[in-house]
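In what follows, a structure is listed as structure tokens, so that the remarks can point back to it.
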Amino acid sequence: MKNLKSMRNVVSALSLIMCIIVIIYSASVEATYFGDVNEDGKVETDDAQLINQFAVSIKTPTNRQKLIADIDQDGKITAEDARLALRTSVKLEGLKEIIPTKLVSVGNYLQFNGKSLAVYTTQSNAKNANSKGIKKYLAKGDAVAIKSIYTNVVKINDGEFIRYNLDNQGSFKVFKAPTGLKLNYTSKNINVGDTFTLKGTVSPTGAYTGLTFSSSNSKVATVDKNGLVKGMKAGTATITVKTINNKSCSCDITVKNKSDIQNNLINTARDVHNWISSNYYTYGHSGKYSQPQYMRNQREVNCISYVTWVFCEAGYVDKIYISCGDFENSANMANFDKITNPNDLQPGDIIYFAYSPGEHDHAEIYAGDGYTFNAGSTRAIQAQGPENYGTLDRDNGKMHFDYAYRLKVLK
């Protein structure tokens, strides 16, 4: 019995000693140092060897080990980190404690990519992970600004603090604050029912790219969280795009009914045709003027200069052209779709005719129901309004429909 009691005393003593050792050890390794990948409280040659194995991809580090092994803090593990660990092991380099909050700056943004993260009401609550001091939770994808920095704690707003330490540091991405924002469109004309994507480019490189979109009039144009804009009814609206720190740009949207655009083109075609007819224009190619206000003094017009005059007057072409080929090769073509089936013609289409395919011999504006506006001869110029030739052949059947161009807003 005495022996059994003695053994129990020895075991109890040993247990007490082990507890003391664990407590002392725990206290001694409370801090984590760069290079101490096995986290025993010191940097030794085996740490350097392990870092070298990470550097040459013999072993794969955990997210925590990646941070600890990156001694020179260049974002990657290399032989230089192993060299620094070796120098530290022989006391040629001093120990550097890792505090993740030292690796970020006030003004940066943190995006959380974990499942859930507590937001505490005070710095003390965050530091001690006080469950009674939780205000709310961050969800995956949430981004927050760094307002103040403490040891392993970040203030993200008044009365809002989060833990940012070695254990959860891998759940965050760090971004710079945006300083600039540009949009792919500053204004856009669309039809009812049409959609397009408004895209924003944030600067500088490394800045947080998350954007918010809003419409000044969602009855006219709506926009979703990804920048997809849709025309709802005729009218105007402004889409405003903001960065996380409220840098903003806007795009003015004009939504039109398809029939309104077509009617405007046909009415403009009729007005210009009436002008050249009543002012006794003749057929010619002098091309002296390239803008409508000056073209009215020329007294000479050809098929394509009439067509481009109409579209220039309506605001869809930059100038008047005297050659079908020149117009087709201009930057204006970015605003048009090509139509190859004559049965698909719609009012406002530009029809190209050719003696042989692709020769750009003649152009007219389709008015609907087989009628076209034509300025391809002095007789056609003097005609009153659009004409129906009964066919899409011209010059006694020698010239045929080749293809047509339609404004993209009329697709």
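If I model a spin label as a point 7 Å beyond the Cα along the Cα-Cβ vector, how far apart are those points for residue 186 and residue 74 in nm?
The answer from the label model is 4.2 nm.
Note the full-extension length gain between residue 151 and residue 279 as 0.36 nm times their separation in residues minus their Cα-Cα distance, in nm to one decimal.
37.7 nm
Roughly how far apart, in whole Å, are the Cα centres of the stretch 360-381 and the stretch 35-114?
76
Mind ordering 116-122, 137-143 by average Cβ neighbours within 10 Å, highest first?
Result, highest mean first: 116-122, 137-143.
Simple spin-label model, 7 Å along Cα-to-Cβ: residue 124 to residue 234 in nm?
In this crude spin-label approximation the distance works out to 6.7 nm.
Compare the peptides 92-104, 311-323 by average per-residue count of other Cβ atoms within 10 angstrom and give them in order, highest first.
Put in order of decreasing packing, that is 311-323, 92-104.
For the chain, what is the calculated [θ] at 222 nm in deg cm²/dmol (nearest 500), taking -39500 (n - 2.57) for each run of four or more DSSP H residues and dividing by its residue count?
-8000 deg cm²/dmol
So how tilted is helix 303-313 from the main axis of the chain? Cα-based, degrees 0 to 90, rounded to 10.
The helix 303-313 is inclined about 50 degrees to the chain.
Could you do me a favour and compute the accessible area per residue for the stretch 155-233, 1.4 Å probe, result in Å²?
Here the per-residue accessible area is 54 Å².
Just to be sure I follow: if Rg is taken over the C-alpha atoms of the stretch 98-244 and Rh is the Kirkwood radius over the same atoms, what is Rg/Rh?
1.11
Taking the 0 to 90 degree range and rounding to the nearest ten, how far is the long axis of helix 258-278 tilted relative to the main principal axis of the chain, both from C-alpha atoms?
Taking Cα atoms only, the helix is inclined about 40 degrees.
Rounded to the nearest 10 degrees, what's the angle between the helix 45-55 long axis and the longest principal axis of the chain, both from Cα atoms, 0 to 90?
20
For the stretch 198-298, with all protein chains present and a 1.4 Å probe, just round the carbon and sulfur fraction of the accessible area to a whole percent.
Roughly 45 percent, rounded to a whole number.
Using a ≥ b ≥ c from the Cα gyration tensor of the stretch 293-407 (square roots of the eigenvalues), is it rounded, prolate or oblate, where a/c under 1.5 gives rounded and otherwise the larger of a/b and b/c decides, a/b for prolate?
rounded
Mind checking the per residue accessible area of the stretch 39-93 for me, 1.4 Å probe, whole number of Å²?
Value for the stretch 39-93: 57 Å² per residue.
Identify the residues of the stretch 87-119 with backbone N under 16 Å of a label point that sits 7 angstrom from the Cα of residue 139 along the Cα-to-Cβ direction, or state none.
What the label zone holds, given the 16 Å backbone N cut-off, is 112-119.
The values are calculated or read from the model by the stated rules, or taken from the named source; none is laboratory data. Quick caveat, the model's predicted, so the values are computed rather than measured. Ideal geometry is used to build each Cβ from the backbone, glycine not excepted, and the neighbour counts take in all protein chains shown. Note: accessible area is taken over every heavy atom of the protein model, side chains too, but ligands, DNA and RNA are not part of it. Shrake-Rupley method; radii C 1.70, N 1.55, O 1.52, S 1.80 Å.
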